[in-house]
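Let me begin by presenting the structure, written as structure tokens, before commenting on it.
The values are calculated or read from the model by the stated rules, or taken from the named source; none is laboratory data. The model shown is predicted, which means the values in this text are computed figures rather than measured ones. Counting neighbours? That spans all protein chains shown, and the Cβs are built from the backbone with ideal geometry, glycine included.
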Amino acid sequence: MRNARSASAMAPARRPRRGHRSPPALEWVEDAAGRCARATVVGSRSLLVENHTGILEFSDERVRLDTARGPMRVTGNGLTLQDVRPGALIVRGSIARVELPCPGGDAPDEG
Amino acid sequence: MRGEFTVRVECLMPEKLLERALEKGARFCEVRREGARSLIVACDAASAEILLNACDRFHIDARVLSRRGRSALKGYLKKRATLPVGLSVFAALCWLFLGRIWLIDATFSGEAASLGDANALLQAANAAGIHAGIPRDVDLNALEQALMAGAGDYSYVGAHLRGVRLRIEAVPEVPAPPVYDVAAARDLVADRDGIVLSATARSGALCVGPGDAVRRGQLLIRGEEQATKEETRPIAALGEVIVRAWFAGEASMAVTERVARPTGVQSAAASLVTPWFRLPITEGESFADEAATTELLPVGGLFVPLAIERVTRRQLAFDVVSRDIEALRARLSPLAFADAAARLAAEGPGEYEIRSRWVDFARSGDRLTARAVIEISADAAVTREELYRH
């Protein structure tokens, strides 16, 4: 089963950023400009993350990546990083949860 | 992206190291966490170099666990840089070895193969420039012609190249039979005693017929022919006179034998023996026929050379016992045939056919004699020169 969705579509609301707020109608412009992180989940074994800005933490059970809107967190078991290149990587393993940056809620920070 | 390198990195913040390497342009096939402080990174050669340089710069412990693909092959060949050189030298040596002739053989065949002289043939080949170590591009036809011309009397010479071996095959010429000169007058005489079985004269006058007994030196074929009604002229006699001849051998043995039997009478003598003298202790009686046994009995041990020599004599009586005649015949028969064969080998002709052989036994007095006879047939006609030469 292929279950693909974009981070921008999944996020309930945009994270407030200083001096920057795009109207919803212009989100595709931000997406096309590559400023918006995109996560593509294929089943529960693979997660493609594009446009991230860095690897904050990496272990067998947790991967934290920095994005333009804040850190995102992937938890599971036996996680590995594949095809790691600047701004993109694939997280493989048994993925249990993907937590995306939420401007209104708690950021998926450490712990 | 190929995972040719597998690198283990151990540091406190490996994520930072990955970020640094990614900024430098590295790409990683796979990143696994092995422990709290170590990462296993699979990447291509260029990325591995970037990662290792970053580790070196920040004094991070990094170790290449495995190498695969082209870089591994390159490293393997780099470590074995002498292998191509060795292979090249080996190939060159093989080419040098296989490109030359190292073995030269001479074989002979045909009816007169035993007349072939291998050394002479090889010397002739050597004179033609053929020796071990020359290149294989030898003109075999020229070699065959050179050997035919200079190696002796051969009806065929062939040279064949098989690998590093040059085989020269030659067929020696069959020697021509002696020329029959009809004008060289000669007679044919018998070279042995015998009974004529058949007589054939191809030239000359036959003097004997089948059933005649001939003696050694007797004229068999006279070398003359009728020139006119009154005159004869000498010619070389030619023909065959097959005679039967016998060669006998003998062997004899006594039909009785003496068997010693102890009578029971015996005597003993003892003497004290030292290295310097002998002192008789008791004297024993001696017998005409006796069997004596001597015993040496040490007296003083190892360091005193003193011993008693005791001689025991037993009186013997001899009985005359007849031998087994059949066993005696079985022993005598091969001895007699061996004697006859020795006489045949010493006096017989060069070519003969054994027609029969038998053995007779005769007893005279105490002895049994075996007389073996070998009957042969052979051509007895020889020239007088050949007769005197024998």
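Quick rundown of the values:
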item: Residues satisfying the stated conditions in region B:11-34, i.e. out of contact with any helix residue (DSSP H, G or I) (no Cβ under 9 Å at 6 or more places or on another chain), more than 7 Å from chain A (Cβ to nearest Cβ) and in contact (Cβ under 8 Å) with a residue 24 or more places away in the chain; result: B:LEU12, B:PRO14, B:GLU34
item: Selection from region A:65-99 of residues that are basic (Lys, Arg) and either more than 10 Å from chain B (Cβ to nearest Cβ) or crowded, with 21+ Cβ neighbours inside 10 Å (or both); result: A:ARG69, A:ARG73, A:ARG97
item: All positions within region B:97-111 that are under 13 Å from B:GLU169 (Cα atoms) and aliphatic (A, V, I, L, M); result: B:ILE104, B:ALA106
item: Hey, B:ARG67 within 29 Å of A:ILE90 (Cβ to Cβ), within 14 Å of chain A (Cβ to nearest Cβ) and of a type in the set (Lys, Arg) or not; result: no
item: Residues within region B:62-84 that are farther than 30 Å from B:GLU23 by Cα and either in contact with a Pro (Cβ under 6 Å, 6 or more places away or on another chain) or surrounded by 10 or more Cβ atoms within 10 Å (Cβ to Cβ) (or both), tallied; result: 5
item: B:ALA81 vs. criteria under 22 Å from A:GLU57 (Cβ atoms), away from chain A (no Cβ under 14 Å) and of a type outside the set (Asp, Glu); result: no
item: Flag if B:ALA269 is touching a strand residue (DSSP E or B) at 6+ places or on another chain (Cβ under 6 Å), surrounded by 17 or more Cβ atoms within 10 Å (Cβ to Cβ) and modelled with pLDDT of 90 or more; result: yes
item: Flag if B:ALA159 is of a type in the set (A, V, I, L, M, F, W, C), assigned to a strand (DSSP E or B), within 30 Å of B:ALA346 (Cβ to Cβ) and in contact with an Asp or Glu (Cβ under 8 Å, 6 or more places away or on another chain); result: no
item: Total residues in region A:41-64, condition part of a strand (DSSP E or B), of a type in the set (Gly, Ala, Ser) and at the interface with another protein chain (Cβ under 9 Å from one of its Cβ atoms); result: 1
item: Hits in region B:35-61 (condition: of a type outside the set (A, V, I, L, M, F, W, C), surrounded by fewer than 20 Cβ atoms within 10 Å (Cβ to Cβ) and facing chain A (nearest Cβ under 10 Å)); result: B:GLY35
item: Single match in B:ALA185, B:ALA170 (criterion: surrounded by fewer than 17 Cβ atoms within 10 Å (Cβ to Cβ) and among the aliphatic types (A, V, I, L, M)); result: B:ALA185
item: Residues that are outside any strand (DSSP E or B) and either surrounded by 13 or more Cβ atoms within 10 Å (Cβ to Cβ) or at positive phi (or both), drawn from region B:339-365; result: B:ASP339, B:ALA340, B:ALA341, B:ARG343, B:LEU344, B:GLY348, B:PRO349, B:TYR352, B:GLY365
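Every residue, every condition in (1) among the polar types (S, T, N, Q); (2) surrounded by 12 or more Cβ atoms within 10 Å (Cβ to Cβ), yes or no:
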| site | (1), (2) |
| --- | --- |
| B:SER109 | yes, yes |
| B:LEU122 | no, yes |
| B:ASN126 | yes, yes |
| B:GLY133 | no, no |
